[in-house]
Structures are given as C-alpha cells and as structure tokens.
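A short worksheet on the structure shown next.
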Ligand SMILES: C[S@@+](CC[C@H](N)C(=O)[O-])C[C@H]1O[C@@H](n2cnc3c(N)ncnc32)[C@H](O)[C@@H]1O
C-alpha cells in the first residue's frame, strides 16, 4: 500500500468514534488497540474495542470502567448498523425476487408463442424496462411524503378545510383528531407494484385498501410483503387499469408511477385516454385522485386533466352523440385541481423552476 493510501486508511480509522476510548500505541499495527479506560489490549482493531466497551459479546471481556452512557452509545450505534444491513439485504432480496418474477413472466409468454406475437413480447419488455427505470427515478423518501401528505389532505377535506382554497394545513391537534376520519376513506392504488405505498397509507390510519396491478408477479410480491409485514387487510387484485374489471368506486385513488408507465408506452397517447376513462369510473363523486409522477410536472398534469375535461365536454355537445339522449342529462364528471406537494426539492432549468417529482391531487365532481 502507498504511504498516502495508508494515511487515508489511518485517517478513516481515526474518524471512528471508538478512537475516543482507544489508542494504537504501535504505529505499524493499528489493529492492536489499548482501552484508555482500563488499559486492556484488544488485538482485533477498533471494532473489537467497541465490543469491549459494549459488553455481552462471546469471548470479549467487558471494560470494568466504562460509563453506562458510553456503553449504551456504542450499543445503539452497533444496533443501527445491524438494522441498516438487515434492511439493505431485505431490499436487495426484494429487488432480486421482483426481477425473478419479471423473468418468469416474460419466459412464460415466450413459451406460449402460439398466442403471443413478437411485438407483444417486445412491448412487455419495454413495459418492464420502463417500470424499473421509473422505480429508480422516484428515489427514497417520496413514498413517505406521498403517504403523509395524502393523509393530511384527506383529514383537511374531512374536516371541511378545503372547500375554497385547498392549500392550508390543519393544526397538529386537529390532524390527530382527524385520524379517525380516515376509516371512511376507501383507497385504491392503481399499478400498486410491490404494494408498499398502501402499507405506508395503512400506517397513516387508512383501513379500507385495495391495490391493482396487471402483473401477477407484482401482485404476488405485494401480497407476500403485506403478509410478512402484518398488513393482512389490504386487498390485492390482478387487473388492467386500462380495461378495468373492478366494479367499485373509491373515495381516494392513488397512482404513483403508473400513468408515467402507461404514457411512456409506444401507444401512450391512446392509452392515456383509456386511463382517464377508467379513472373517471373508479373515483367516487367528490372523491380524490392523487397522481405522483416523475415524468410530468405539476403543470403538465393539471393541463392534461383540463384537456381531458375539455375533450369530454366537446364530445358531449357533439350533435351525433346527443342524438337520442334525454333533454336533461347529468353534468359530466370532471376532475379539478385542488393541491400539490410543495416540499419536493426544486431546481432551475432553462430559467424555470422544476422538481424531479410531482404529486398532484384532483377532486372529481
Ligand atoms: C413505475 S411502477 C410503480 C409501482 C408502484 N406504484 C410504486 O410506486 O412503487 C408502475 C406499475 O404500474 C403497473 N402497470 C402499468 N400499466 C398497468 C396497467 N395498464 N394496469 C395495471 N397496472 C399497470 C406496472 O406493473 C407497475 O407495477
């Protein structure tokens, strides 16, 4: 090792908080560390010294002079490292399992070549690639933000704070009181993937929850994760949002990344129209649609909804469509923007301010 490399390693080691209580008296061997509190010599580096301070490790004697506070501090740090490692392994296992499910699915499709064209296989591969890309683009923290923000929004609505200008937030106290209101919110997650958004919403207090995804692999994964994590009341169904069979309306419909996936498809614009037709059927009158996108800005989503409303209005006024209809028809259901997440980090691009992720809520008339 070069001397600069060994200095770097020595400095790295120096940074470890354990060195406050340990001393490497031999400059050529930093693995031998003396405890500054009891002068015990530890021969397996700073990690062993910390075990000596914490106590309870097999074949490591506990320092007789360590204050309880110090011992606890290092125990908490060791527990955190252990939990972080466990969580990392769990996430990697989940990712591996998801990739395996996807491989199995595409394998099955290729086997039954009688019914499936190469274009469909290519389309399926594109969908999988889009799915992986989108999941990676959301990044950490978005799920928590979406769940907490949506809970507060629903409580605000339940408590009548959102009638005119929807962006004010209730006090912590009234938010606490409002948690009981969440049981009246039926929730549907479109393109639920691994179902973890519904788990987050369950933690926030929602109880009537359904997730749909057209991928059987995703639904199996979502069910297994929910069972493992004790969320046995979440209902997961295989269903295609674009040709939805689910015959029920929900007060809250969530979409995180699914409109993105649908829009990036080669026939994206047609599929988006099918998407809006389904969503209009699934959101109950007065219900809320919350879309989280990493591919459209808030303004683009609002514009898309306005265009969709306009298209429906024009179609309803078309003399051909009106032929044979009763004179008085119910007003067309439309979506109206009510609020969006403002806490995502923003950046400037080409003179305008943007955010990597947008979460926007619409109310259905
Ligand atoms: C980018 S992933 C997002 C998954 C999940 N919502 C999340 O936030 O982790 C998009 C999901 O939408 C699903 N999906 C795409 N098109 C769909 C459709 N037409 N019907 C149902 N699910 C669909 C995919 O299988 C995938 O699980």
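Counting other Cβ atoms within 10 Å as a rough exposure proxy, the listed residues 343, 215, 278 run 343, 278, 215 from fewest neighbours to most. Spin-label pair residue 96-residue 19: with each label point 7 Å from Cα along the Cα-Cβ axis, the two points sit 3.5 nm from one another. When each of the peptides 83-96, 253-266, 35-48, 184-197 is scored by how many other beta carbons lie within 10 Å of its residues on average, the order from highest to lowest is 184-197, 253-266, 35-48, 83-96.
Readers should treat all values here as calculations from the given coordinates under stated rules, not as data from a laboratory. These figures come from a predicted structure and were not determined experimentally. Glycine gets a Cβ as well: all are built from the backbone with ideal geometry, and neighbour counts include every protein chain shown.
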